[in-house]
1. Are there any pairs with C-beta distances below 6 angstrom linking a residue in region 105-127 that is touching a residue at least 12 places away in the same chain (Cβ under 8 Å) to a residue that is in a loop (DSSP other than H, G, I, E, B) and open to solvent by 20 Å² or more (accessible area, probe 1.4 Å), with the two at least 6 apart or on different chains, and if so which?
2. How many residues, within region 160-188, are surrounded by fewer than 10 Cβ atoms within 10 Å (Cβ to Cβ) and more than 21 Å from the chain's Cα centre (by Cα)?
3. For region 70-120, which residues satisfy the criterion of being in contact with a Lys or Arg (Cβ under 8 Å, 6 or more places away or on another chain), of a type outside the set (A, V, I, L, M, F, W, C) and in a helix (DSSP H, G or I)?
4. Being within 45 Å of the chain's Cα centre (by Cα) and open to solvent by 60 Å² or more (accessible area, probe 1.4 Å) is the filter here, so list the residues in region 143-154 that pass it.
5. Restricting attention to region 77-92, and to residues there that are loosely packed, with under 12 Cβ neighbours inside 10 Å and basic (K, R), which single residue is farthest from T176 (Cα to Cα)?
6. I'd like to know if region 189-199 contains one or more residues that are surrounded by 12 or more Cβ atoms within 10 Å (Cβ to Cβ), over 18 Å from I98 (Cα atoms) and of a type in the set (K, R).
7. Since K95 meets every condition but one in (1) open to solvent by less than 80 Å² (accessible area, probe 1.4 Å); (2) modelled with pLDDT under 95; (3) closer than 30 Å to E147 by Cβ, which condition does it not meet?
8. Within region 149-172, which residues are polar (S, T, N, Q) and at pLDDT 95 or above?
Amino acid sequence: MMRNRGAMCAIMARDSINKTTQMQSTGKERRGSSTVKSAEADPEGGPDGKIPIDPGHVPNPAAGPLPAEVTADVLKQFRVIFRSVKKHFQVIERKCGIGGSQLWALAAIVAKPGVRVSELAQSLSVHQSTASNLVEHMVRLGLIQRERDEEDQRVVRLTATPRGNALLARAPQPLTGVLPDALSHMDVKALASLHEGLEQLLTVMKVRDESASHTPLADI
């Protein structure tokens, strides 16, 4: 009886050890399987399972509409330009007694004595009729004079009088106007970019007057 009872205890102890060993093995397999699944689900993830954010990725603001702050800044720039141009014309009229467009025309005639009306119009980027009106007004003021070409009497050339030269000498700079002078001093690439941007602006404007393209700024 004693031998049988000892044998049964040995068998029970052995079975208990085998069960414990199987449970430990199963637990390790489950934990390993969970780790493998987590890595497969997020191969690029960090230790916390989250995909790291690329610091070099920056949203492109050009992809959407411009913010209101940029629009406001552009409007402010236009206001400064308009006010500066207007203020310069006012100074010209006060000191010289003529308008900004007439002073520009006078400066062009002094720079190229003997210029024809058609050439003057091209220099000022205005219609020939506009240039003719400017010339007529300056002739009446005694600032310029017309002269017939010696070889072709049909050609009329323009020259400044002593009075015109004296007026030009005391006129406020720039003689061509604030905006034309500023544009002439811009970098070529910057000027081309500005031209493209203004073309886009004109395209989306709901009201536009193309006739103003050949009108002097002082007369707008």
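The values are calculated or read from the model by the stated rules, or taken from the named source; none is laboratory data. What you see is a predicted model, and the numbers here were worked out from it, not measured in a lab. Note: ideal-geometry Cβ built from the backbone for every residue, glycine included; neighbour counts use all protein chains shown. Heavy atoms of the whole protein, side chains included, go into the accessibility calculation; ligands, DNA and RNA do not. Shrake-Rupley method; radii C 1.70, N 1.55, O 1.52, S 1.80 Å.
1. A107/L175
2. Final tally of qualifying residues: 4.
3. Answer for region 70-120, where residues must be in contact with a Lys or Arg (Cβ under 8 Å, 6 or more places away or on another chain), of a type outside the set (A, V, I, L, M, F, W, C) and in a helix (DSSP H, G or I): K95, E119.
4. Residues satisfying the conditions are Q145, R146.
5. Taking the candidates together, the pick is R79.
6. Within region 189-199, none of the residues are surrounded by 12 or more Cβ atoms within 10 Å (Cβ to Cβ), over 18 Å from I98 (Cα atoms) and of a type in the set (K, R).
7. (1)
8. Once the filter is applied, which keeps residues that are polar (S, T, N, Q) and at pLDDT 95 or above, region 149-172 yields T159, T161, N165.
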